[in-house]
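Quick notes on the structure that follows.
Derivation of every value follows stated rules applied to the coordinates shown; laboratory data play no part. All values reported here derive from a predicted model rather than from experimental measurement. Please note: Cβ atoms are built from the backbone with ideal geometry, for glycine as well, and neighbour counts cover all protein chains shown.
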Amino acid sequence: MRAYAERSFLLSSRAGDAGDSYRQVLEGLLLRTRDQKRRAEREAILKVPAMPAGLLYLWRIYDRMRRRKGGNGFALSPLEWQDIDAFLRRTQTDLAPWELEIIEMLDDLYLVDYSKLQVD
């Protein structure tokens, strides 16, 4: 799941000022690439590892929570326990401790990916 999340966050990140995602930029470059070696490199970057089917529900839960979490004006804010608790109560969902750890890991990966964009 970690590999899936890292690649998904990378490809969905914004590339440059045009507002296109990194995936859109790579797909556009791929259409114009004639050199087979470069084509293979770009195709490899676009390839997303498989999501473990049994964990897809956690990805969806994380996505729902993250879409509703804003920033503080300077950067994105991490999901806080209040956010997670409110989501679980409102949706009447019960997660085991290991499932919460996966949600935390996903948010950490997302924030690291986002912070890299701010530095670059």
Practice problem: Rank Gly70, Leu111, Val48 by how far each Cα sits towards the positive end of the charge dipole of the chain (+1 on Lys, Arg Cβ; -1 on Asp, Glu Cβ) and give me just the farthest. | Solution: Val48
Self-check item: Linear extension gain, Leu31 paired with Thr91, 0.36 nm per residue minus alpha-carbon span
Solution: 17.3 nm
Quiz item: How far apart, in nm, are the 7 Å Cα→Cβ label points at Ala75 and Leu46?
Solution: 3.3
Practice problem: Set Lys and Arg Cβ to +1 and Asp and Glu Cβ to -1, take the dipole of the chain about its Cα centre, and tell me which of Ser8, Trp59, Leu88 lies farthest positive. | Solution: Ser8
Quiz item: Which order do peptides 4-12, 80-88 fall in by mean Cβ count within 10 Å, highest first?
Solution: 4-12, 80-88
Self-check item: Value of Rg/Rh across region 1-50 [Cα atoms, Kirkwood radius]
Solution: 1.01
Quiz item: Hey, got the dipole for the chain? About the Cα centre, +1 on K and R Cβ, -1 on D and E Cβ, debye to the nearest 20?
Solution: 620
